[in-house]
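What follows draws every value from the coordinates through simple rules; no lab data is involved. Values in this document were obtained by computation on a predicted structure and should not be read as measured data.
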């Protein structure tokens, strides 16, 4: 049997460039098998989702042009990809789960908590076995 690691693609959606950079760096520590695609808003994210194989979406809630929940609703029309919504607003948690979120994360979120949440929704280490 031959073992190889398939690249896992995480779509990171955050309008604040500094926060997006922080999350991207945190995700890079999950492992070399994780590739982060970045979008500054929901519309960019939807375009990336429709043109790439995405294994997980990590999205902020409050963004211009399209909120995270609006993005989630649009994503669910095309895919059941795991979707993690991040917000400082606890009040939207119930709405997020009703719209199909797999997990709701409250800001501020630490590096370990972010990495653990993402890792819970990716296949173990991204390993697949080929005979």
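Numbers at a glance
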{"item": "Value of Rg to Rh for region 48-124 (Rh from inverse mean 1/r over Cα pairs, i.e. Kirkwood)", "result": "0.94"}
{"item": "Rounded to 10°, Cα long-axis angle of helix 17-28 versus longest principal axis of the chain", "result": "30 degrees"}
{"item": "Relative contact order of the chain, pairs being alpha-carbon contacts under 8 Å that are 6 or more residues apart, as %", "result": "30 percent"}
{"item": "Dimensionless Rg over Rh [region 25-92; C-alpha; Kirkwood]", "result": "0.96"}
{"item": "Estimated Rh, region 1-52: Kirkwood, alpha-carbon pairs, angstrom", "result": "11.9 Å"}
{"item": "Values of log10 I(q)/I(0), in the order q = 0.15, 0.17 Å⁻¹, for the chain under a Debye, Cα-only, solvent-free model", "result": "-0.65, -0.83"}
{"item": "Gain in span if fully extended, residue 113 to residue 88, counting 0.36 nm per residue against the direct Cα distance", "result": "7.5 nm"}
{"item": "Angle between the chain longest axis and helix 42-51 axis [Cα atoms, degrees, rounded to 10]", "result": "30 degrees"}
{"item": "Net lengthening on full extension, residue 70/residue 15 (0.36 nm per residue, minus Cα-Cα)", "result": "18.3 nm"}
{"item": "Cα Rg, Dmax (largest Cα-Cα span) when computed across region 60-102, Å", "result": "9.6, 27"}
{"item": "Relative contact order [Cα under 8 Å, 6+ residues apart], region 1-62, whole percent", "result": "48 percent"}
{"item": "Folded to 0 to 90 degrees: helix 111-121 orientation relative to the chain principal axis, Cα", "result": "70 degrees"}
